[in-house]
Every structure is written in structure tokens, then in C-alpha cells.
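So the structure is just underneath, and the comments pick up after that.
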Amino acid sequence: MVERPKPSEKSPQHLCLDKGYDNPTGHRTVAEENYVPHIRRIGEEKLDEKKRKRRKARRWVVERTHAWLSKCRAILIRYAKKSSNYLGIIQLACALLWYRRQHRLAVLR
């Protein structure tokens, strides 16, 4: 294991953290360990050089899909003993999700 180099005036130690550490405990811990904090504020968006958003905030596709599928009880609590039946239930649930989405979009148009 490599020891952490001692921070000095010439080369201070920096620590980049996400929005989850934007709280008094996170700030206090960073200060106690003598790091230079770089903690993004809650509600602050990542901007480019012209102070514009790079892209819209979005959830990862996998996380979103799992969140949708978790509402289907047959998938959440695995009742099917055979893996082929379980795969069929997952495929049916995905087909229903897309059908409902297409129906909702058609109604809005």
C-alpha cells in the first residue's frame, strides 16, 4: 500500500466528491483530513464552458428498467421455478411496459 503524501503549500491534496457528500458531516470530514474539497452542491448541474447544460439529467437505462419491472409482483417475488418460465414472465412484462408506453404516447398526440 502506498502512503498518502503529506500535503504542503506547494502541493495540497484535492478530493472530488459527488452531491451525496454535500452535508455538514462530509464537509467536516474533508476539512479534518486536510483535503481541498471539491463537492458539487445539491441542485447544481454540470455546465460546459458557455455555462450551458451538457445534456439533460437522466437515469441510467438499466436502473430505469429495473424500477419499472419491480412493480410486477411475479418478477419481484419469483414464483416461477423453471428459468424458462421466469424469462417468459420478464419478456411479457417488458412487452406490457412498451405497449402501455406506446398507448400513452398515442393518446397524447
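The values are calculated or read from the model by the stated rules, or taken from the named source; none is laboratory data. If you're wondering where the values come from, they're calculated on a predicted model, not measured in any experiment. Quick reminder, even Gly has a Cβ in these numbers, built from the backbone with ideal geometry, and neighbours come from all protein chains shown. Only protein heavy atoms, including side chains, enter the accessible area calculation; ligands, DNA and RNA are left aside. Shrake-Rupley method; radii C 1.70, N 1.55, O 1.52, S 1.80 Å.
Working ranking of peptides 8-19, 69-80 by packing, defined as the average number of other Cβ atoms within 10 Å per residue, highest first, is 69-80, 8-19. For segment 56-109, what class follows from the C-alpha gyration tensor (a ≥ b ≥ c being the square roots of its eigenvalues): rounded when a/c is under 1.5, otherwise prolate if a/b is larger than b/c, else oblate? Oblate is the answer for segment 56-109, as a/c is 1.5 or above yet b/c matches or exceeds a/b. In a fully extended conformation the segment linking LEU97 and ASN23 would gain 22.9 nm over its present Cα-Cα distance, using 0.36 nm per residue.
Over the chain, with every protein chain in place, what whole percent of the accessible area is carbon and sulfur at 1.4 Å, could you tell me?
Within the chain, the accessible surface is 57 percent carbon and sulfur.
Taking Cα centre as origin and charging only the Cβ of basic (Lys, Arg, +1) and acidic (Asp, Glu, -1) residues, the dipole magnitude of the chain rounds to 1000 debye.
The simple spin-label model puts a point 7 Å past each Cα toward its Cβ; for TRP68 and LEU105 those points are separated by 1.0 nm. One entry in (i) 2, 8, 11, 11, 11, 9, 10, 11, 8, 8, 6, 3, 1; (ii) 2, 11, 21, 22, 20, 13, 8, 2, 0; (iii) 2, 10, 15, 15, 11, 11, 13, 12, 9, 3, 0 is P(r) over Cα pairs in 5 Å bins from 0, in percent calculated from the shown coordinates; its label is (i).
Ranking ILE90, VAL61, HIS103 by Cα position along the charge dipole of the chain, where only Lys, Arg, Asp and Glu carry charges on their C-beta atoms, puts HIS103 farthest toward the positive end.
From helices alone, the chain scores -13500 deg cm²/dmol at 222 nm; the rule is -39500 (n - 2.57) for each run of n ≥ 4 DSSP H residues, then divide by the residue total. Within a straight-line Cα-Cα reach of under 27 Å, LYS50 can be paired with the following lysines, leaving aside sequence neighbours fewer than 8 residues apart in one chain: LYS19.
Rolling a 1.4 angstrom probe over the protein heavy atoms with all chains in place gives the chain an accessible area of 93 Å² per residue.
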